[in-house]
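Right, one structure below, let's go through it.
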Amino acid sequence: MTWIQVVGQALAGVLLLTGSVAGALRIETTPSRPSPGQLFWVTVAGAATHGSLELRLGARAFALWADGRAGWEGFAVLDRDESAASREFFVVDTFPAGEQLVGVGEIGVEPRDYGSQEVKVDESMVTLSPSDQERADRENALIRSVLATRSPERLWSAAFVVPTPGEITGPFGVRRIYNGKPKGYHNGVDIAAARGAPVTASAAGRVALVGDYFYTGNTVLVDHGLGLYTAYFHMDSAAVVEGERVETGTILGLVGSTGRSTGPHLHWGVYLSGARADPGSLLGLTRGVVAAARPSPASQPVQAAEN
Ligand SMILES: [Zn+2]
């Protein structure tokens, strides 16, 4: 863990505030040099705020929340495909009448080679017919629009858990080569499990989307608030409806092989402010940093290895 000293300064053009802007902020990131695709934990101390803090990194804004000890905390991530160059970030106070820059820092980024993986599927799932392509495009736009929605309250508190026990057969981040054709990277983890095994919510939240889609089959997205979502793909069936509140362990559906899938498994994904993140990093951070700060008797043991 490293401490980055940044000095408060006002952003030109924003409303002037009464009182003085904070002096030195202390911003801590864990790990100190995150890799693209890996969530990292951010704490901010010494900020005088009039609303709530956001961390801005590249094109994305990450909501922080008050930690109850006069500081702020939250997650941020660089997408897996972003470069490993060091970059500036900005801490911004947002409030109804405007916003104010309260700090600037720089974060180092650790390069990571995720490798590649060959997958054989029916060719109709790789080279799509015009109608399948139209369907997949429409569904992907719907999923992206849900994931881009930031609901205002954090809905989880206990550490996130693995949604179904099993061996990880497809790690996060590998370049996928379908039938010899390089495609996008694998944006979740594949957990092998028997058809019909229960799939449970990783943490408390609200069901944001339920549907049967071309690539992802029977799909549930759970909104955990402040831009954080978990995704559950290829299920045999879903057991929840949109808008339903879920707790850690609530059954969302059953393991299956619907959509573009080679056999029964759960694809488990994590998204933050629309960026795709390694679920293993969410497990590790919420079990370590978050749980250590606020032990919760409701947290459950991890049931399978993370990658
Ligand atoms: Zn997958």
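Here's a check for you: in the range 176-208, which residue that is within 13 Å of the ligand (Cβ to nearest atom), surrounded by fewer than 20 Cβ atoms within 10 Å (Cβ to Cβ) and in contact (Cβ under 8 Å) with a residue 24 or more places away in the chain is nearest to the chain's Cα centre (by Cα)? Steps first, please.
First pass over the range 176-208, keeping only residues within 13 Å of the ligand (Cβ to nearest atom): 176, 178, 183-193.
Next, from what is left, pick out any that are surrounded by fewer than 20 Cβ atoms within 10 Å (Cβ to Cβ): 176, 178, 183-185, 192.
Still in the running and in contact (Cβ under 8 Å) with a residue 24 or more places away in the chain: 176, 178, 183, 185, 192.
On the way: R176: 20, Y178: 25, K183: 21, Y185: 16, A192: 21 Å.
Selected residue: Y185.
Looking only at the range 260-273, residues that are at pLDDT 95 or above and either more than 16 Å from Q38 (Cβ to Cβ) or assigned by TED's automatic domain parsing to the domain that holds F40 (or both) come to 4 in all. Selection within the range 230-242: residues that are within 16 Å of the ligand (Cβ to nearest atom) and among the hydroxyl-bearing types (S, T, Y). The member of this set that is surrounded by the fewest Cβ atoms within 10 Å (Cβ to Cβ) is T230. Of all residues in the range 209-238, those that are within 15 Å of the chain's Cα centre (by Cα) and either among the small types (G, A, S) or modelled with pLDDT under 95 (or both) total 3.
Restricting attention to the range 240-260, which residues are in a loop (DSSP other than H, G, I, E, B), among the small types (G, A, S) and under 14 Å from P163 (Cα atoms)? Once the filter is applied, which keeps residues that are in a loop (DSSP other than H, G, I, E, B), among the small types (G, A, S) and under 14 Å from P163 (Cα atoms), the range 240-260 yields only G249. All of A47, A12, A22 fail the test of being hydrophobic (A, V, I, L, M, F, W, C) and modelled with pLDDT of 50 or more, apart from A47.
Does the range 152-165 contain at least one residue that is within 16 Å of the ligand (Cβ to nearest atom) and in contact with a strand residue (DSSP E or B) (Cβ under 6 Å, 6 or more places away or on another chain)? Even if it seems obvious, please write down each step before you answer.
Restricting attention to the range 152-165, the residues satisfying the condition of being within 16 Å of the ligand (Cβ to nearest atom) are 162-164.
Filter once more, so that each one left must be in contact with a strand residue (DSSP E or B) (Cβ under 6 Å, 6 or more places away or on another chain): 163-164.
Yes, the conditions are met somewhere in the range 152-165.
Residue pairs whose Cβ atoms lie under 9 Å apart, separated by 6 or more positions or on different chains, with the first residue in the range 277-289 and part of a helix (DSSP H, G or I) and the second surrounded by fewer than 20 Cβ atoms within 10 Å (Cβ to Cβ) and hydrophobic (A, V, I, L, M, F, W, C), are G280/I168; G280/A305; L283/V302; R287/V302.
Mind checking whether some residue in the range 261-270 is more than 16 Å from the ligand (Cβ to nearest atom) and outside any loop (DSSP other than H, G, I, E, B)?
no
Checking the conditions here, which among V146, V161 is among the aliphatic types (A, V, I, L, M) and part of a helix (DSSP H, G or I)?
On the way: V161 fails: part of a helix (DSSP H, G or I).
One residue alone meets the criteria, V146.
Scanning the range 60-83 for residues that are touching a Gly at 6+ places or on another chain (Cβ under 9 Å) and without any contact (Cβ under 8 Å) to a residue 60 or more places away in the chain yields a count of 4.
The values are calculated or read from the model by the stated rules, or taken from the named source; none is laboratory data. Just so it is clear, the model here is predicted, and its values are computed rather than measured. Using ideal geometry, Cβ is built from the backbone for each residue, glycine included, and neighbour counts are taken over all protein chains shown.
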